[in-house]
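Chemist: Here's a structure for you.
The values are calculated or read from the model by the stated rules, or taken from the named source; none is laboratory data. What you see is a predicted model, and the numbers here were worked out from it, not measured in a lab. Heads up, the Cβs are rebuilt from the backbone with ideal geometry, glycines too, and the neighbour counts pull from every protein chain shown.
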Amino acid sequence: MPAPAIDLKKVTVSLNGRPVLENITLQIQEGEFWGIIGPNGGGKTTLLRTILGIIKPRGGEVRVLGISPKEAVKRGWLGYLPQRMTGRNFPVSALEVVMLGECNRSNFFKPFQREEREAALHALRLVGLEGKSQEPFPQLSGGEQQRVLIAMALASQPRVLLLDEPNTGVDVVAQEGLYQVLRRLREELSLTILMVTHDVGVISHFVDRIACLNTTIHFSGDPWGAMECDLLEKLYGEPVDVFVHHPQCQGCHVLRSKSHDHD
Amino acid sequence: MTTTSLPPFLLHALMAALLLALLLSLLSFFVVVHNWAFLGVGISHAAFGGVALGFLLGISPDLPALAFAVAAALIIGVVKRRWGFHEDIAIGILFSTAMGVGVILFSLSRGYTSDAFSYLFGNILTITGRDLGLMAGITLLSYLFIGLFLKGLILMAINEELAYVRGIPTAFLYYSLLLLLALAVVLAIKLVGVILVTALVVVPSSVATRLSSSYKKIILLSLAVGLVVNLVGLILSYILDLPPGATMAVTAGAVFSLSLIPLRTSKA
């Protein structure tokens, strides 16, 4: 049986003496598309950074495709889109951003090669932006920038893609397009995708599984199972209305809501 | 028949202006993209503490100035990376502390005020052949470093976490860049002084960024701007009999002001 794409066993993480993740056990199989939801400060970004090996856990074990995160990073198996991209105004073209995604410890001191350029163009094609390859990155719209950054994460041909709030700064219509692109990529490339998001209602249409995280995992499994209002209330600490946005935009409606239940 | 030749001090100053333009304008790009505008201020003022120590000990101030500048660069880096403060916080603290130390040491050393002035505002008469050799060496080293690691440096400037995930040795690149900047600033102090050196670190790339959206073109334009500022400033100061450092700083400000005039053509 192949090793899980991501395997967390009793992982505990503290930052500045404060527990951020406690006793996290989670197994994600290859080719699955997972969403992580939870309140601000609930440890979602810390979880991704722990899987990437940027943060070392205080306890427990993290394995990526059967090896340590550090080794997985070395082999280029992990693609990553951080939540805060500091360099959105950096003077580079969309193509150059994607080519930088192919940087690794064995080629970062060599000039860009033709194969890297072709791989970057292919990645841009996958996200539907090949026509914008020469555009200055800072001049692209928020949605286009996010797609370029996903192409950047894909350019190194990772086996696992970790996305931290990929819909940040993206309007509702573009968000929909972004999720469609991710779902298509998962199917075409057999990628394992783990995506952190606030978009509780929308991602249930697109992901295979959801984990609800607030320091510890309150639920993991079928996305619709996560929509239970009691669970969401426990997770967010207050009643939550879940709005479901139909993919074909035929109308949004409240799926579950304590206030509606009481009406 | 008469021949005219440049006085040796002016020849030295011209060569220093040329070398420092090539060095500082290259580093200027990374200063601007990392928002390190005050890094030059922090490092140069820290170096002033070293200058004062040199005077107090009765030795050449060059070595202590270098040691103080390198220490300042490392402290700024460690405060950022270890404790997560922005570089400006460490610079703000170091800047005033080192300057205070410098003034106290100067008062203890019974040195002449003009000695302090030479380092605060620059004195082209103090530039030696050894200084020029050092400037050439550090310039060469900087070009080699940036030429070799450009991809990693660019990725790090865009997002350091992403660079780390791609296996780039981010700590090595970060501290190397800070050290090169510290060395460059110390070398530039003799030409323009502690207080005015920031202009030569910040202006070239700030002007170039106005003119292009491509980092390669910005680096090349930054070099051109640096050369114009340094050489025009120095020549003007000689012709008009003005202080060279101050004239170069004013020239830099004038060039930046000109770059603010809206261009009809779009950025290349």
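Chemist: Could you list, ordered by first residue, the pairs with Cβ atoms under 8 Å in which the first is in region B:162-191 and on the phi > 0 side of the Ramachandran plot and within 14 Å of chain A (Cβ to nearest Cβ) and the second is assigned to a helix (DSSP H, G or I) and not hydrophobic (A, V, I, L, M, F, W, C), at least 6 apart or interchain?
Modeler: Within 8 Å, the pairs are B:167/A:74.
Chemist: Answer yes or no as to whether residue B:166 is charged (D, E, K, R), modelled with pLDDT under 90 and farther than 21 Å from residue B:133 by Cα.
Modeler: Here the answer is yes, as residue B:166 does meet what is asked.
Chemist: Answer yes or no as to whether residue B:255 is of a type outside the set (Phe, Trp, Tyr), farther than 22 Å from residue B:194 by Cβ and buried (at least 17 other Cβ atoms within 10 Å of the Cβ).
Modeler: no
Chemist: Follow-up. Mind checking which residues of region A:74-93 are in contact (Cβ under 8 Å) with a residue 60 or more places away in the chain, at negative phi and either of a type in the set (A, V, I, L, M, F, W, C) or crowded, with 16+ Cβ neighbours inside 10 Å (or both)?
Modeler: The answer is A:77, A:78, A:79, A:80, A:81, A:82, A:85.
Chemist: In the set A:71, A:96, A:102, which member is acidic (Asp, Glu), more than 7 Å from every other protein chain (Cβ to nearest Cβ) and surrounded by fewer than 21 Cβ atoms within 10 Å (Cβ to Cβ)?
Modeler: Just a single option satisfies the conditions, and that option is A:71.
Chemist: A further question follows. Scanning region A:51-67 for residues that are farther than 17 Å from residue A:192 by Cα and within 14 Å of chain B (Cβ to nearest Cβ), which turns out surrounded by the fewest Cβ atoms within 10 Å (Cβ to Cβ)?
Modeler: The extreme case among them is A:56.
Chemist: Ok, one more. For region B:211-241, give me each residue that is within 14 Å of another protein chain (Cβ to nearest Cβ), assigned to a helix (DSSP H, G or I) and either surrounded by 17 or more Cβ atoms within 10 Å (Cβ to Cβ) or polar (S, T, N, Q) (or both).
Modeler: Of everything in region B:211-241, those that are within 14 Å of another protein chain (Cβ to nearest Cβ), assigned to a helix (DSSP H, G or I) and either surrounded by 17 or more Cβ atoms within 10 Å (Cβ to Cβ) or polar (S, T, N, Q) (or both) turn out to be B:211, B:215, B:218, B:219, B:221, B:222.
Chemist: Right, next: Go through (1) within 14 Å of chain A (Cβ to nearest Cβ); (2) touching a helix residue (DSSP H, G or I) at 6+ places or on another chain (Cβ under 8 Å); (3) assigned to a helix (DSSP H, G or I) for residue B:251 and report which single condition fails.
Modeler: Checking residue B:251 against (1) within 14 Å of chain A (Cβ to nearest Cβ); (2) touching a helix residue (DSSP H, G or I) at 6+ places or on another chain (Cβ under 8 Å); (3) assigned to a helix (DSSP H, G or I), the one that fails is (1).
Chemist: Just for region A:127-147: of the residues that are surrounded by fewer than 21 Cβ atoms within 10 Å (Cβ to Cβ) and in contact with a strand residue (DSSP E or B) (Cβ under 8 Å, 6 or more places away or on another chain), which one is nearest to residue A:181 (Cα to Cα)?
Modeler: A:133
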